[in-house]
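What follows is a short report on a single structure.
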Amino acid sequence: MHIKMIVTVPLSKALFAAFLFVTTFLLTSPGFVLATSQHGSVTRHYKFDIRLANVTRLCHTKSMVTVNGKFPGPRIVVREGDRLLVKVVNHVPNNISLHWHGVRQLRSGWSDGPSYITQCPIQTGQSYVYNFTIVGQRGTLFWHAHFSWLRATVYGPLILLPRHNESYPFQKPYKEVPILFGEWWNADPEAVIAQALQTGGGPNVSDAYTINGFPGPLYNCSKDTYKLKVKPGKTYLLRLINAALNDELFFSIANHTLIIVEADASYIKPFESNTIILGPGQTTNVLLKTKPNYPNSTFYMLARPYFTGQGTFDNSTVAGILEYTKPNDQTNLNLPILKPVLPVINDTNFVANFSNKFLSLNSPKYPANVPKTIDKNFFFIVGLGTSPCPKNQTCQGPNNSSKFAASMNNVSFALPSIALLQQHFFGANNGFTTDFPVVPLRPFNYTGTPPNNTLVSNGTKTVVIPYNTRVQVILQDTSILGAESHPLHLHGFNFFVVGQGFGNFNASSDPAKFNLVDPVERNTVAVPSGGWVAIRFLADNPGDLLWFCLDNQLN
């Protein structure tokens with residue numbers, strides 16, 4: 001399902017922020033030029049040509065939308081404080097826009113990227129320049145298309161290095177390697193989502209997961225495998241990015257332990273784990289310490305989904321290979337390959353325990369500035385409901401007379417025809433309303449017996465919040481059409497995850513257990529299946545900035 005929130009602030013006149021909590025029925029390196037500033041930061045120029053390219057995977061060749069002909073797309077590297085200018089030229093029949101996932105976009109909302117929210121999409125033959133500065137962030141993020149399902153093929157890493165003369169708050173790695181998890185579709189993803197929107201059923205699943213664009217040896221007719229070659233006795237920084245459309249993914253490397261040091265471009269207290277989980281849109285930096293001597297094995301790197309819902313999903317496993325190179329930089333092709341053991345598909349307890357290990361550094365240099373007091377408190381229930389099937393049409397929702405519809409507080413998002421930031425900036429403001437319910441209008445036992453009426457309303461509704469408001473949001477899963485995990489991404493802001501639990505949130509007892517000392521700071525969080533999560537943030541960024549869910553999207 002898919003949920004959207006937008007932050008709207010007039011860019012002139014009085015300074016205030018407006019959050020449009022909008023819900024949608026969504027089952028859902030190139031050359032660059034540097035210009036040095038007087039402060040040591042630089043302006044980095046990239047050019048992205050959106051082009052069709054023929055790509056072959058699983059013995060299937062197809063023409064698909066790419067950036068500069070690459071799948072995945074090119075790497076962008078900047079330092080904290082740098083200004084980034086990316087000229088995007090659209091050479092394909094599709095409209096397109098790009099989102100810089102996790103970038104705070106401080107007073108640069110026009111560059112955030114969601115189509116019809118902060119910009120009109122870039123039409124065929126047109127171009128657009130994204131112009132923003134990296135402020136107070138370092139680590140790993142990524143960029144992707146934000147129009148329909150084009151992000152299935154249009155995505156790439158966004159690497160934020162520390163400022164010059166600043167070091168990592170952990171061991172300096174021997175080498176840094178981006179690892180992008182994605183998907184391969186033999187079909188056109190645009191046709192897949194179009195069919196799902198028409199029928200109201202869950203979209204068809206991908207044919208394979210990928211690591212850096214390659215499905216690996218566990219799929220039929222797969223001739224492409226990503227191989228990570230390492231040397232003994234070294235420390236590697238793996239920049240892990242989940243660019244899959246909808247799925248949370250477990251990941252593990254056989255016989256190796258990972259040290260997690262960063263999440264969503266924010267440093268955390270390091271901790272070890274043999275397995276990690278990444279929600280769609282989440283990024284994590286991990287340290288991989290290789291074995292001191294050359295081993296007599298190679299090692300699978302495996303990823304497969306975590307899933308608790310009732311719909312269809314790609315229950316397959318992508319594999320890459322970790323190989324140790326000898327001093328002459330050669331590998332032994334006859335070595336046995338060891339496999340890691342991944343959690344079972346619906347291991348919610350592992351997911352909860354793993355998530356609870358994330359804590360901010362909360363050091364003098366990297367403080368956790370979590371709001372201790374709250375000005376605005378919101379309670380949003382998220383989950384799947386239904387919309388009526390159009391007359392004279394058979395649908396594939398829960399029954400032949402309905403479509404699946406995701407909602408927040410029973411409101412399903414209606415996409416505007418004019419970008420919301422454009423409406424707000426020019427004072428039009430007739431494409432949305434400010435009456436979004438800040439609490440459920442009809443409370444019920446959210447994780448218990450579901451209500452008989454599953455219909456949702458539709459609208460482009462918003463909540464207006466004054467600038468510099470200290471906000472708390474409780475996000476509650478529901479079991480209306482089955483409990484499931486809901487990864488939610490907030491544009492333009494980081495937030496602190498101060499608490500989470502299973503069952504219904506208890507406003508009397510649960511806040512006493514909140515972590516207000518060193519909660520993790522993220523831009524994407526999963527509402528636990530059959531549970532709730534509490535987040536806090538300061539609304540200090542003017543603009544129309546979106547909040548949406550990344551699982552089972554029909555966009």
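The values are calculated or read from the model by the stated rules, or taken from the named source; none is laboratory data. Remember, predicted model here, so these are calculated numbers, not experimental data. Note that we place each Cβ from the backbone using ideal geometry, even for glycine, and neighbour counts take in every protein chain shown. When the accessible area is computed, the model is the full protein with side chains, heavy atoms only, and any ligands, DNA or RNA have been set aside. Shrake-Rupley method; radii C 1.70, N 1.55, O 1.52, S 1.80 Å.
For the range 391-439, the set of chymotrypsin sites (Phe, Trp or Tyr not before Pro) satisfying both a DSSP loop assignment and a count of at most 14 other C-beta atoms within 10 Å is given as Phe426.
Please give the calculated 222 nm ellipticity per residue for the chain, where each DSSP H segment of at least 4 residues contributes -39500 (n - 2.57) and the sum is spread over every residue; nearest 500 deg cm²/dmol? Value at 222 nm, helices only, nearest 500: -1000 deg cm²/dmol. If you average the C-alpha positions of the range 135-157 and of the range 434-484 separately, how far apart do those two centres end up, in angstrom? Using only Cα atoms, the two centres lie 27 Å from each other.
Report the calculated FRET efficiency for Phe502 and Asn458 (r = Cβ-Cβ distance, R0 = 35 Å), to the nearest 0.05.
Details: r = 30 Å, r/R0 = 0.86.
Approximately 0.70, to the nearest 0.05.
Think of it this way: in the chain, Cys120, Cys549 stand alone, with no other Cys Cβ under 4.7 Å. This model, with +1 at the C-beta of Lys and Arg and -1 at the C-beta of Asp and Glu, gives the range 175-356 a dipole about its Cα centre of some 940 debye.
Pairs Lys62/Lys326; Lys223/Lys289; Lys175/Lys291; Lys229/Lys357; Lys47/Lys365; Lys87/Lys172: which exceed 27 Å Cα-Cα? Please report the intermediate quantities before stating the final value.
Values: Lys62/Lys326 38 Å; Lys223/Lys289 29 Å; Lys175/Lys291 15 Å; Lys229/Lys357 29 Å; Lys47/Lys365 34 Å; Lys87/Lys172 33 Å.
Result: Lys62/Lys326; Lys223/Lys289; Lys229/Lys357; Lys47/Lys365; Lys87/Lys172 exceed 27 Å.
Let me know the charge dipole size of the range 43-161 about its Cα centre in debye, to the nearest 20, where only the beta-carbon of Lys, Arg (+1) and Asp, Glu (-1) is charged. Intermediate values should be presented prior to the final figure.
Details: 14 positive and 4 negative charges, 46 e Å.
Magnitude of the dipole: close to 220 debye.
The trypsin sites (Lys or Arg not before Pro) found in the range 388-479 that occupy coil by DSSP, while having at most 12 further C-beta atoms within 10 Å, are Lys391. Computed from label points 7 Å out along Cα-Cβ, the spacing between Leu441 and Ser401 is 2.2 nm. Bridging of Lys339 to lysines at a Cα separation below 16 Å is possible for Lys227, once same-chain residues fewer than 8 apart are set aside. Solvent exposure of Asp224, expressed as accessible area, is near 40 Å², computed with a probe of 1.4 Å over the protein chains only.
Quick one: Cα centre-to-centre distance for the range 186-235 and the range 62-106, in angstrom? When both Cα centres are located, 20 Å separates them.
If you take the alpha carbon atoms of the range 376-549 and fit the smallest convex hull around them, that volume is 124 Å³ per residue.
By the scheme Lys and Arg +1, Asp and Glu -1, what is the net charge of all other residues having a beta-carbon under 12 Å from that of Val517? Once all neighbours under 12 Å are counted, the net charge is +1.
The charge dipole of the range 376-549, taken about its Cα centre with unit charges on the Cβ of Lys, Arg, Asp and Glu (plus for the first two, minus for the last two), comes to roughly 300 debye. For the range 175-356, relative contact order (Cα pairs under 8 Å, six or more residues apart, normalised by length) works out to 25 percent. Restriction of the GluC sites (Glu not before Pro) in the range 143-220 to DSSP coil positions whose beta-carbon has at most 15 other beta-carbons within 10 angstrom yields Glu166. Summarising the label geometry, the points placed 7 Å from Cα in the beta-carbon direction at Thr61 and Lys291 lie 4.0 nm from one another. Computed in the context of the full set of protein chains, the accessible area of the chain at 1.4 Å probe radius has 49% of its extent on carbon or sulfur.
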